[in-house]
Amino acid sequence: MLHVRTNPDNSYHVEPVPVFVPMINLKSLSEEDLFEFIKDNGLPQYRAKQLLHRIYEKNVTGINQISEFSRDLRIKLAGQAWISCLDLVTSEKSRDGTVKYLFELEDGERIESVLIPDGQRLTLCISSQAGCAMGCRFCLTGKSGFRRNLKSYEIIDQVLSVNRFISPYKITNIVFMGMGEPLMNLDNVSKAITIINKHVKISRRRITVSTAGVSPGIIDLAQQAPLVNLAVSLNAPDDKTRSLIMPVNMKYGIDKLIQACRNFPLPSRRRITFEYVLIRNLNDSQQHAEAACRILKGIPSKVNLIPFNPVPGIEFKRPDGSKVLAFQRVLLERRITAIIRKSKGADISAACGQLSGK
Ligand code: SAH
Ligand code: SF4
């Protein structure tokens, strides 16, 4: 790069200044971009495959760990590129085996991921945003406000980091139910899903994206990340109650939401999960349960009933156990699968709605 400066005598003096070439984080590249990067370096395509294998399957964190590459090649690439990984701030283990990880990102933002072991299944609940803009009244993440979208590699790195911590075991299932609204960051979420599926080798059947009800995003999800599971946080069966606790409902009401669910392409034998946070005297009556059955009629669905988890500064309460059971009974009587979710990790504030990045 040439820097042109005017001298006091008005003649032009041309002075070279160093060119600043930003280092490339290899995890920020899509598969196609990585192949391009390898080609630009005059290397054969199989080198890109080796890189993908080492980064995502072998989970290396430095170019110097790519043992298939000669020393010279490692030095050459390390001059242009690096491999990101997340900084772990703390981790906390619950009495029930749930583990909460607090990560710090490059810019100091903090996010959480929660590992939920259940028999052979190791589910990781991951974040898609730092904070959340949707402002649901019962959720601590919503209360703490929106900070920024996560990059695709920050989403992938949650999975890779936890895989390193639990080695030789590996995450088997992923749910986008941590901090943030995944459909408000769909480009990065779908880019991450593509890599997680193809290179971290987690089947799309084992990946679930949960939304508060950003209806247009539901159809976009089916196109950009086909074959993943959809979960919808329904939480109330009528617009009045839903708008009271979920501001997103004022923009995309229940009719639009249910229509989007009906249009969501479901592979055979798959169902949409509807989450329903039960809040005392707000959405937990028999009438609410009956109304929920009416709107879900004809949709292959499964309802997860989540008794409200206490959140500091939020007044809501959870209903008594008998009320929760009565709500479930109404759904079961109408042949809707309804499961009462135990609040895993509540003793370490890792349960649904308790993540704040602190
Ligand atoms: N933003 C997405 C993904 C986060 S999932 C979504 O809302 O679907 C977080 C889940 O926890 C949602 O189903 C939400 O309804 C539920 N939740 C939030 N706060 C809660 C609380 N205090 N108690 C129980 N569940 C809660
Ligand atoms: Fe955001 Fe989901 Fe919490 Fe609502 S429930 S504030 S959408 S994270």
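Packing here is the average count of other Cβ atoms within 10 Å per residue, and on that basis the peptides 162-172, 305-315, highest first, run 305-315, 162-172. The value of relative contact order for the stretch 146-262, using C-alpha pairs under 8 Å at least six residues apart, is 23 percent.
Over the residues of the chain, the helix contribution to mean residue ellipticity at 222 nm works out to -9000 deg cm²/dmol, using -39500 (n - 2.57) for each DSSP H run of at least 4. Both radii come from the Cα set of the stretch 205-277: Rg as radius of gyration, Rh as Kirkwood radius; their ratio Rg/Rh reads 0.96. Once whole DSSP H runs in the chain are found, which of them have Cα atoms spread over 20 Å or more along the helix axis and a mean Kyte-Doolittle score of at least 0.0? Helices meeting the criterion: 152-166. Looking at the chain alone, DSSP beta bridges between its own residues are antiparallel in about 50 percent of cases.
With bins 10 Å wide beginning at 0, the percent of Cα pairs of the chain falling in each bin runs 5, 23, 29, 21, 11, 7, 3, 1, 0, 0.
Taking the Cα centre of the stretch 69-178 as origin and charging only Cβ (+1 Lys, Arg; -1 Asp, Glu), how large is the dipole, in debye to the nearest 20? List each step's numbers first, then the result.
On the way: 15 positive and 12 negative charges, 27 e Å.
So the dipole magnitude of the stretch 69-178 works out to roughly 140 debye.
Can you sort His199, His53 by solvent-accessible area, 1.4 Å probe, largest first? Write down the numbers at each step before the final one.
On the way: His199 25, His53 65 Å².
So, going from the largest accessible area down, we get His53, His199.
Using alpha-carbon pairs under 8 Å, 6+ residues apart, how would you state the relative contact order of the chain in percent? Display every interim value, and only then the final one.
Details: 652 pairs, mean separation 51.0, N = 358.
Computed over the chain, the figure is 14 percent.
What is the local net charge at Ile66, summed over the other residues whose Cβ is closer than 13 Å to its Cβ (Lys, Arg +1; Asp, Glu -1)? All intermediate terms of the calculation are to be shown ahead of the outcome.
On the way: positive: Arg47, Lys49, Arg54, Lys58, Arg71, Arg74, Lys76; negative: Glu57, Glu68, Asp72.
Charge balance near Ile66 sits at +4.
Within the accessible surface of the stretch 71-162, defined with a 1.4 Å probe on protein heavy atoms only, the carbon and sulfur portion equals 47 percent. The phi torsions of the stretch 347-358, fed into the Karplus equation with coefficients 6.51, -1.76 and 1.60 and a -60° offset, translate into couplings of 5, 10, 6, 10, 7, 3, x, 9, 8, 10, x, 10 Hz, rounded to whole numbers, with Gly and Pro shown as x. Just to confirm my numbers, what's the Cα centroid distance between the stretch 44-118 and the stretch 233-277 in Å? First find each Cα centre; the distance between them is then 35 Å. Under a Gaussian network description of the chain, with springs only between Cα atoms under 10 Å, the residue in Ser343, Ser322, Ser152 that fluctuates furthest is Ser322.
Within the accessible area of the stretch 183-283, what % is carbon and sulfur when the probe is 1.4 Å and the other protein chains stay in place?
Numbers: 2090 of 4250 Å².
C and S fraction of accessible area: 49 percent.
Note on Glu68 and His53: the extension gain reaches 4.3 nm, defined as 0.36 nm multiplied by sequence separation minus the Cα-Cα distance.
From largest accessible area down, sort Tyr252, Tyr56; use a 1.4 Å probe on the protein chains.
Working: Tyr252 45, Tyr56 10 Å².
The ordering from most to least exposed comes out as Tyr252, Tyr56.
Below 22 Å, Cα to Cα, which lysines can Lys240 reach? Residues fewer than 8 away in the same chain don't count. List returned: Lys143, Lys251, Lys256, Lys297, Lys317, Lys323. Peptides 289-298, 345-354, 140-149 ranked from most to least packed, by the mean per-residue count of other Cβ atoms within 10 Å: 345-354, 140-149, 289-298. Since only Asn173, Leu77, Thr273 are under comparison, the one whose Cα sits farthest along the positive direction of the charge dipole of the chain, derived from C-beta charges on Lys, Arg, Asp and Glu, is Thr273. Computed with a 1.4 Å probe over protein heavy atoms only, the accessible area of Lys251 comes to about 140 Å². For a 4.7 Å threshold on C-beta separation, the list of partnerless cysteines in the chain reads Cys85, Cys125, Cys132, Cys261, Cys293, Cys352. For the chain, the solvent-accessible area works out to 49 Å² per residue, with a probe of 1.4 Å and every protein chain left in place.
The values are calculated or read from the model by the stated rules, or taken from the named source; none is laboratory data. Note that the coordinates shown come from a computational prediction; the quantities given were computed from them, not determined experimentally. Positions of Cβ are generated from backbone atoms using ideal geometry, with glycine treated the same way; all protein chains shown enter the neighbour counts. These accessible areas exclude ligands, DNA and RNA; they are computed on the full protein's heavy atoms, side chains included. Shrake-Rupley method; radii C 1.70, N 1.55, O 1.52, S 1.80 Å.
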